[in-house]
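As structure tokens, the structure follows; a few thoughts come after it.
Laboratory data are not the source of any read-out in this text; all were calculated from the coordinates shown. Being a predicted model, the structure only gives us computed values, none of them experimental. As a convention, Cβ positions derive from the backbone with ideal geometry for all residues, glycine included, and neighbour counts pool all protein chains shown.
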Amino acid sequence: MNITSHANRKKLVDRLFTIAIIVLFTIVIVMTFSLSETAGSVPRLISIIGIVLSVITLVKDFKQNDGKPKNNDAASDENQGMSFIKCFGLLIAYLAAMVVLGFAISTCLMLFFIPIFLKYRNLKINIIFSVITTAVLYFSFTYLFYVRLPVGILFELFL
């Protein structure tokens, strides 16, 4: 496959993915109307923001219809696909770990390992970022939004 057809195929896949995201956000908006006004407000707001950003991305993509690939190295696209597969696998492991280990530990581990899979090797920054982000998320959801986060099967035995 030559570089131009590869770039055109990638551009088509990107456009279809963006359209699928718009459809997903639209479904979420429709589903929020069955909730109370308070409960549906945040998902509705996030969905509207997501639709606006997706439409901007789609318009920008159509305006850049020059057919030139952004990167002439086709091997780098394959490496990006491999990183995506690793991150997707990590996301599945994260969801499974959340059931067993709970939100805090599994989120901290996921936020530590995703940059490593994406070839970011500064471990000190990874640790600081994962701990601070997890703490902010935990305290925000627990004390600001009053949402009970998963504790995990292992820790429910001790509570």
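Overview of results
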item: Binned Cα-Cα distance frequencies in segment 1-72 - 5 Å width, integer %; result: 3, 16, 20, 17, 13, 10, 8, 6, 4, 2, 0
item: Computed [θ] at 222 nm, helices only, for the chain once each DSSP H run of length n ≥ 4 contributes -39500 (n - 2.57); result: -26000 deg cm²/dmol
item: Magnitude of the charge dipole, segment 1-72, Cβ model with Lys/Arg +1 and Asp/Glu -1, debye to 20; result: 380
item: 19 Å Cα-Cα threshold exceeded, pairs from Lys10/Lys119; Lys10/Lys60; Lys86/Lys119; Lys60/Lys119; result: Lys10/Lys119; Lys60/Lys119
item: Kirkwood Rh (inverse of mean 1/r, distinct Cα pairs), segment 77-159, angstrom; result: 13.8
item: Principal axis dimensions, the chain - Cα atoms, whole angstrom, descending; result: 60, 42, 23
